[in-house]
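Student: Below is the structure I would like to discuss, written out as structure tokens.
The values are calculated or read from the model by the stated rules, or taken from the named source; none is laboratory data. The shown structure was predicted, so the numbers you read here are calculated from the model rather than taken from an experiment. Virtual Cβ from ideal backbone geometry, glycine too; neighbours counted across all protein chains shown.
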Amino acid sequence: MGTEQSLRNDVAAANRIIERFGLSNAFGHVSARIPGTNTFIIPTRRSPGLADADNLLVLDTDGKILSGEGTPNSEFWIHARTYAARPDVGGVVHAHPPASICLTQIGEPHRVVHNSGGPFIDGVPEYDRIGLIRSRELGDLLAGRLGAGIAVMMRGHGFTTAHADVRSATVAACYLEESAALQIRMLAAAGGDAGRIRTYTRAEAEVVHGQINENVVSRAWEYYSTAAAELPLGCK
Ligand SMILES: [Zn+2]
């Protein structure tokens, strides 16, 4: 994983990615576990598009601030309680992406309708309680809905992704929103008839499900992080 400084650079880059690529605007946040600990790095309370590698906080899974200047985003409990529940998770993304929110509000589950949806072959559970996750108890409820998966939809709110490291969690977030956006467009083109969409069969989805692997994440991260560094704030 490299040094803690490289992890801080990744956290800042991941936060800029979710803002530059339209997954979040003033709100949303990405964190990374400090490997081998129950602590994680998360930005201060501002847009993810303004995340700064030199101004990050370290919190533990009980929500205690261990280092850094400033206050965390109010939904830090999403991160704290996901890391508490999932020792295998090294990166968490929470965003408010429009297409995924649309899916939750028309009661349509995410379906694999395109290659980028492949990693979500086992379904994306939904947390259907509206409102922000501003307590330990709500963080535990959300982590419970996530279960052993890599993503959970949050009705009328957004989604949270969780993966082995922050780069993979960020690529998963970009893929999920891309997939949801295509699903919404297909639904519109099909006159709202979900039955007309040629949803991948389980066997077909299995062909494309292993996309969040080392090679793909490396290439996708290179693209997203380089583009995010070039794109202006608020471009989407
Ligand atoms: Zn939120």
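Student: Can ILE65 be described as surrounded by fewer than 19 Cβ atoms within 10 Å (Cβ to Cβ), over 30 Å from LEU187 (Cα atoms), touching a strand residue (DSSP E or B) at 6+ places or on another chain (Cβ under 7 Å) and at pLDDT 95 or above? Reasoning before the result, please.
Tutor: Details: surrounded by fewer than 19 Cβ atoms within 10 Å (Cβ to Cβ): yes; over 30 Å from LEU187 (Cα atoms): yes; touching a strand residue (DSSP E or B) at 6+ places or on another chain (Cβ under 7 Å): yes; at pLDDT 95 or above: yes.
Judged against the criteria, ILE65 is a match.
Student: Being within 13 Å of the ligand (Cβ to nearest atom) and of a type outside the set (Gly, Ala, Ser) is the filter; apply it to the range 87-97 and report the residue that is surrounded by the fewest Cβ atoms within 10 Å (Cβ to Cβ). Full working, then the answer.
Tutor: First, the residues of the range 87-97 that are within 13 Å of the ligand (Cβ to nearest atom): 92-97.
Pick out the ones that are also of a type outside the set (Gly, Ala, Ser) and you get 92-94, 96-97.
On the way: VAL92: 29, VAL93: 34, HIS94: 32, HIS96: 18, PRO97: 24.
Only one residue fits best here, namely HIS96.
Student: Among (1) over 14 Å from ASN115 (Cβ atoms); (2) at pLDDT below 95, which single condition is HIS163 missing?
Tutor: If we test HIS163 against (1) over 14 Å from ASN115 (Cβ atoms); (2) at pLDDT below 95, just (2) comes out false.
Student: Kindly list the number of the only condition in (1) within 16 Å of the ligand (Cβ to nearest atom); (2) in contact with a helix residue (DSSP H, G or I) (Cβ under 8 Å, 6 or more places away or on another chain) that fails for GLN105.
Tutor: (2)
Student: If you don't mind, there's one more thing I want to ask. Taking interchain pairs and intrachain pairs at least six residues apart, which have beta carbon atoms under 9 angstrom, with the first residue in the range 209-229 and closer than 14 Å to ILE18 by Cβ and the second modelled with pLDDT under 90 and surrounded by 14 or more Cβ atoms within 10 Å (Cβ to Cβ)?
Tutor: ALA220/GLN211; ALA220/ILE212
Student: On to the next question. Which of the residues that make up the range 124-137 are in contact (Cβ under 8 Å) with a residue 40 or more places away in the chain and either within 11 Å of the ligand (Cβ to nearest atom) or within 16 Å of the chain's Cα centre (by Cα) (or both)?
Tutor: Within the range 124-137, the first condition is being in contact (Cβ under 8 Å) with a residue 40 or more places away in the chain, and the residues that meet it are 124, 132-136.
Listed by number, the residues that qualify are VAL124, LEU132, ILE133, ARG134.
Student: Test each condition in (1) closer than 21 Å to ARG202 by Cα; (2) within 15 Å of the ligand (Cβ to nearest atom); (3) part of a loop (DSSP other than H, G, I, E, B); (4) aliphatic (A, V, I, L, M) for ALA148 and report the one that comes out false.
Tutor: (2)
Student: Restricting attention to the range 154-161, does a residue exist that is within 13 Å of the ligand (Cβ to nearest atom), hydrophobic (A, V, I, L, M, F, W, C), under 15 Å from the mean Cα position of the chain (by Cα) and crowded, with 19+ Cβ neighbours inside 10 Å?
Tutor: yes
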